[in-house]
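A quick write-up on the structure given underneath.
The values are calculated or read from the model by the stated rules, or taken from the named source; none is laboratory data. Here the structure is a predicted model, which is why all the values come from computation and not from measurement. Note: ideal-geometry Cβ built from the backbone for every residue, glycine included; neighbour counts use all protein chains shown. Heads up: the accessible areas ignore ligands, DNA and RNA and are worked out on the full protein's heavy atoms, side chains in. Shrake-Rupley method; radii C 1.70, N 1.55, O 1.52, S 1.80 Å.
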Amino acid sequence: MASLSSASVAVAAQPSSDSEEAATVMKKAGVEMQLSLPAHQVAIQHLPAMEMLAPPSVNLCSMSEQTQEPYRKFSEWKFKLFKVRSLEKSLPEESHLADNDKGKMAASLDKVNDVIALMPQEPFQTEKKLNTGMQTIDKDAFYVNQREIEAHQANLQHLCRICGGSFKNDPYKRSHPVHGPVDDETQALLRKKERRATSWPDLLSKVFKIDVRGDMDIIHPTNFCHNCWSVIQRKFSNAPCEVYFPRKGTVEWHPHSMSCDVCGTSSCGIKRKKKALNPQVSKKLRIIAERARKIMCARSQKQVNSKSIMKKITNCKKIHLSTKMLTVDYPADFVKSISCQICEHILADPVETTCKHLFCRLCILKCLKVIGSYCPACRYPCFPTDLVNPVRSFLSILSTLAVRCPVKDCYEEVSLGKYNHHLSTHKQKKDKGTYGHVNKGGRPRQHLLSLTRRAQKHRLRELKLQVKAFAEKEEGGDVKSVCLTLFLLALRARNEHRVADELEAMMQGKGSGLHPAVCLAIRVNTFLSCSQYHKMYRTIKAITGRQIFQPLHALRTAEKSLLPGYHPFEWKPPLKNVSSNTEVGIIDGLSGLQHLVDDYPVETISKRFRYDAALVSALKDMEDDILEGLKAHDLDDYLKGPFTVVIKESCDGMGDVSEKHGCGPAVPEKAVRFSFTLMNITMAHGNECIRIFEESKPNSELCCKPLCLMLADESDHETFTAILSPLVAEREAMKNSELILDMGGIPRTFKFIFRGTGYDEKLVREVEGLEASGSTYICTLCDATRLEASQNLVLHSITRSHAENLERYEVWRSNPYHETVDELRDRVKGVSAKPFIETVPSVDALHCDIGNAAEFYKIFQFEIGEVYKTLDASKEERKRWQSTLDKHLRKKMNLKPVTRMNGNFARRLMTKETVEAVCELIKCEDRHEALRELMDLYLKMKPVWRSSCPSKECPELLCQYSFNSQRFAELLSTKFKYRYEGKITNYFHKTLAHVPEIIERDGSIGAWASEGNESGNKLFRRFRKMNARQSKCYEIEDVLKHHWLYTSKYLQKFMNAHNTLKTQGIIMNSEQSVGDFITLDDPLQIIDSMEF
């Protein structure tokens, strides 16, 4: 065989003079030569009936040796024979073979070998020419194979990945990418069916049971046809249509080969080869099919569809409730929608078919078993596996229907969801009154529990055998589980759920104890570290012998659902420059920050949540409150929105939070926290806006959720902007998008409004790019200078905004009018840095109160020193006045002096009693009256900006505010002229000039204050001690996590219930003895008594 192939290629490669001689020799041997073909397609046609072609890949380097030694060892020529035959199979289709008969290859092989043995030997130059020719042939064959693969791949692009059909059959040439995103129409359909999928591979695996994730472009098509897309639509829409899947199964795809079905088929798609049937057999099959069809039609023509036969099949009159038991006379269409279409009773355990009809589960299963696999209402094909539960909103409507109790002398109206429970109470009363033991004579029959063990076995022998047979047949011989399950069902049937829960917990090895969420709430609210909680857990378990508290791993499992990154959600349109991944927990505050050589070095520790994930977690935490708000306003709980959520943002520095570990000087550490509060949620219903939720305590630390923690100074502008810039970017992206979140089993839409009001004076100037508080431009709300504000104390309006500050910064940066520094500063009104956080022009009520109290503290000192008489006073005299005031306040008001004014000191200082105490140190009666009137006016103005809703809490003071502020300003400019001539403090200016305008715009000032964020400062220190670790990075992460859990409304409900039980002293099991039971009070007493 090797010599044959060598000879044939040699004949093809020689020039014309040599080829004639070779042809003469080959004809003598009985072989004809076709020289009209190209060199690489020359075929040797044997006269008897053989055709042979030398493959291009055969190596002919040893031509001379083969011609010199035609008879080699058996193993060598056998290997070459195998090699030639295997290469012969992979010939390209362009090879034009003269004859297809290859059956006599062996006979012709011997003759060709004899001819080649007699051929003259050529010189070595002929051998080199042959080698060069074969290399050219190899290259041409490679390009031919490459072209075939490319053509195969191009053909695949016109075929469907699933059914193999051609796209050319579709007049609209519609196709869908296999690995692309799900289109909007299918996405809307899935959302309507309360399902979720983001890509086609998930849907294809569910519908057609194929995995396309490992597809290759050279083997598998990359698109699927519109017919298969319609099959997917029909699967999830449950709507009857004429679309059919053309094959019993999906197509299996294979790599390209000589017998490739893709390259050799027509444009209509892949065709399967079928054997021609015998005409007689096919005729018999056709006759049998027609007879079967006639029999089926005859059966279907019977009155199987009639309602009476259907009701006889189901026979559920004693099980299901009639629609006549409804207490309300509903419309006929509504009654039909809530009733089974077979038995016409109220739906019991309803199921939905693919054709959108509703039946009782028991009724439809019986009918499908008797009449066949089609819908009794419309005769659409239906199988038991196609039955699904209706949507939750329909089930909730069904459970709220009021029915009349059928028991005699009971006229109570009960909701359908509580009907079984109500009926069981009647059965219990009946059993108690009429139950008696059956005795056929002889001595009285004893109760089962009073018998001996042997007698009990004898009485329950038959039941024991039945249970044992059932366990061996169904449960693998587990008799214990069957008996315990029967016992649980008996307890729950008698409404003894507490005992059943304890028994079930014991069966599962958990024991009867507190819920993991209750244990987590106790740990977070009592600030217990891991070691402290574990010690308490082991101690209580050892003392009581019961597992009251849950172990730490159960707490970690419970806290996962409460932290951001657990719930899936979607934004439409997607957030710009924000990842679409929803499983994002605590991340590094410096993640994504580009570190360049010229940048400011940011060396800090920061941890934060992603803003959108944190908002989703906060909304899921308030899910019960939102649904209750819908019910309270008589709105349907299946409304999808859109809901508008108003967010209050707060940010403030916490001062020095350093922990003094070990020896040496304490290193000062300053921390900053950025947090947010969900203020209210509204919904547009008709022509009105309904507020379904409103935070009752907006300034509490329990509702101020931390978003970012950083160990940095708020005065460090570069670090501050580097950490908060990603938060600002996420916030800006969320303004122009809508959140789609599943709540109550229904996808609902939420829009967000962000209001940055929880900032003090210092931070507002920092983030809005304004000069410091000692600047000439006194106010962050208007453009007034300190001199203008002192000359006109009341008549000012809000003129500043974030957009205007940005424009002024550009003017400051570029100086387009080429002005001097003073002229440019006067033009931009104190803007000297780029604003990077948008704030709402407002007054921070907490810091306003503290600033005003500090100013009154100064006035008291000056009145004691009689500065209104002599303006010039030395520093020693001022210190003496302050010490005199501190001693007197400590004596009369029990006010300890402070180095810096705080909220508690300001609250106790600003009272009428304090003024009376100060008046004892002042001799002039006129000054007494001025101080009393000044304090009285201030106390009338203070509730207006401190209350959460002044129009409801203090409407009279709100109406009098303008008059009181005018009189207050008049006193400052006359009686206290020595202090306020040509100058005024920032907070006095805001109090007198801007409060009415802000309340008219926002409705409140106190509700939007930063008090909740300030109250969280002490929590930071307590949580840091609770989670003390070697690494500050992990320490800050734990503090952020536990602070978030501390603000969870879900845990607060558990903690409130636990505290209620604790105060009432309720015992978990009052029937147990003193040595067996433990009250809810005892674990906390053990906590207090333990030394951690």
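Say each of Lys858 and Asn1059 gets a label point 7 Å from the Cα, pointing the same way as Cα to Cβ; how far apart are those two points in nm?
Distance between label points: 4.0 nm.
So how exposed is Asp656, as accessible area in Å² (1.4 Å probe, rounded to 10)?
In the full protein context, Asp656 sits at about 80 Å².
Which entries of Lys705/Lys1018; Lys620/Lys751; Lys942/Lys977; Lys705/Lys942; Lys670/Lys829 show an alpha-carbon separation above 20 angstrom in the structure shown?
Numbers: Lys705/Lys1018 14 Å; Lys620/Lys751 15 Å; Lys942/Lys977 22 Å; Lys705/Lys942 27 Å; Lys670/Lys829 31 Å.
Correct reply: Lys942/Lys977; Lys705/Lys942; Lys670/Lys829.
Between Ser529 and Glu810, what FRET efficiency follows from the Cβ-Cβ distance if R0 is 45 Å, with the result rounded to 0.05? Mind dumping the intermediate values first?
Values: r = 51 Å, r/R0 = 1.14.
E between Ser529 and Glu810, to the nearest 0.05, is 0.30.
Would you please put 352-360, 199-207 in order of how densely packed they are, using the mean number of other Cβ atoms within 10 angstrom per residue and starting with the highest? Please list the in-between numbers first.
Numbers: 352-360: 20.4, 199-207: 16.9.
Order by mean packing, descending: 352-360, 199-207.
So for region 693-811, what percent of the C-alpha to C-alpha distances run longer than 18 Å? Display every interim value, and only then the final one.
Working: 4837 of 7021 pairs.
Value for region 693-811 (Cα pairs over 18 Å): 69 percent.
On the full set of protein chains, 1.4 Å probe, figure out the accessible area of Cys405 and give it in Å² to the nearest 10.
10 Å²
Starting from the Cα-Cα distance between Leu552 and Gln157, subtract it from 0.36 nm times their residue separation and give me the gain in nm to one decimal. Don't jump to the answer; show the numbers that get you there.
Numbers: separation 395, 0.36 × 395 = 142.20 nm, distance 5.59 nm.
My answer for the length gained is 136.6 nm.
When you count, for each residue, the other Cβ atoms within 10 Å and take the mean per peptide, how do 886-899, 814-827 rank with the highest first? Mind showing how you got there, number by number?
Values: 886-899: 13.1, 814-827: 11.4.
Descending mean neighbour count gives 886-899, 814-827.
For region 974-1021, just say rounded, prolate or oblate: build the C-alpha gyration tensor, square-root its eigenvalues into a ≥ b ≥ c, call rounded for a/c under 1.5, and beyond that prolate if a/b exceeds b/c, oblate if not.
Here region 974-1021 falls in the oblate category.
What Kirkwood radius, in Å to one decimal, follows from the Cα pairs of region 147-194?
Taking the inverse mean of 1/r over all distinct Cα pairs, region 147-194 comes out at 13.0 Å.
Calculate the tail of P(r) for region 681-740: the fraction of all Cα-Cα distances greater than 18 Å, expressed in %.
Numbers: 1125 of 1770 pairs.
Beyond 18 Å sits 64 percent of the P(r) for region 681-740.
Treat each spin label as a single point 7 Å out from the Cα along the C-beta direction, and report the Lys762 to Met893 distance in nm.
2.4 nm
Taking 0.36 nm per residue of separation and subtracting the Cα-Cα distance, what length does fully extending His685 through Asn420 add?
Working: separation 265, 0.36 × 265 = 95.40 nm, distance 3.61 nm.
So the chain would gain 91.8 nm between His685 and Asn420.
Peptides 1013-1020, 874-881: what's the order by average Cβ count within 10 Å, highest mean first? Mind dumping the intermediate values first?
Details: 1013-1020: 19.8, 874-881: 12.2.
Answer by packing, highest mean first, reads 1013-1020, 874-881.
How high is the FRET efficiency from Asp211 to Ser658, r the C-beta distance, R0 60 Å, rounded to 0.05? Could the numbers behind the result be given before it?
Numbers: r = 57 Å, r/R0 = 0.94.
Between Asp211 and Ser658 the formula returns 0.60.
Can you give the FRET efficiency to the nearest 0.05 for Lys457 and Val482, using r as the Cβ-Cβ distance and R₀ = 25 Å? Mind dumping the intermediate values first?
Working: r = 17 Å, r/R0 = 0.69.
It comes out at approximately 0.90.
Give me the percent of the accessible area of region 838-892 that comes from carbon and sulfur atoms, probe 1.4 Å, all protein chains in place. Don't skip to the end; give the middle numbers.
On the way: 1280 of 2700 Å².
Roughly 47 percent, rounded to a whole number.
Can you compute the modelled spin-label distance between Lys324 and Arg878, with each label point 7 Å from Cα toward Cβ, in nm?
Label at Lys324, label at Arg878, 9.5 nm between them.
Suppose all protein chains stay in the model; what accessible area per residue would a 1.4 Å probe give for region 742-802, in Å²? Show your work: numbers first, answer last.
Details: 2080 Å² over 61 residues.
Result: 34 Å² per residue.
Across region 381-389, in residue order, what do the Karplus-derived ³J(HN,Hα) couplings come to in whole Hz, using 6.51 cos²θ - 1.76 cosθ + 1.60 with θ = phi - 60° and x for Gly and Pro?
x, 8, 10, x, 6, 7, 6, 10, 6
Whenever you get a sec, compute what percent of the accessible area on region 527-658 sits on carbon and sulfur atoms (1.4 Å probe). Mind dumping the intermediate values first?
Details: 3220 of 6420 Å².
Taking all protein chains in place, region 527-658 shows 50 percent carbon and sulfur surface.
Hey, could you grab the Kirkwood Rh for region 854-953? Inverse mean 1/r over distinct alpha carbon pairs, Å, one decimal. Don't jump to the answer; show the numbers that get you there.
Working: mean 1/r = 0.0684 Å⁻¹.
This gives a value of 14.6 Å.
Given the Cα-Cα distance of His220 and Glu929 and 0.36 nm per residue of separation, how much length would full extension add, in nm? Don't skip to the answer; put the middle values down first.
On the way: separation 709, 0.36 × 709 = 255.24 nm, distance 9.48 nm.
Value of the extension gain: 245.8 nm.
State in Å² the accessible area per residue of region 828-916; use a 1.4 Å probe, count heavy atoms of protein chains only, and round to the nearest integer. All intermediate terms of the calculation are to be shown ahead of the outcome.
Working: 4560 Å² over 89 residues.
The answer is 51 Å² per residue.
Out of residues 5 or more away from Ala784 or on other chains, whose amide H comes under 5 Å of its own, with H placed 1.01 Å from N in the peptide plane?
It is Cys779, by chain and number.
After finding the eigenvalues of the alpha carbon gyration tensor for region 354-422, what semi-axes result from the square roots of 5 times each, listed largest first in whole Å? Intermediate values should be presented prior to the final figure.
Details: eigenvalues 193, 44, 16 Å².
Gyration-tensor ellipsoid for region 354-422: 31, 15, 9 Å.
Quick one: pull the percent of accessible area on region 676-788 belonging to carbon and sulfur, 1.4 Å probe, ligands and nucleic acids left out.
Numbers: 1840 of 3840 Å².
After summing per-atom areas, the C and S share lands at 48 percent.
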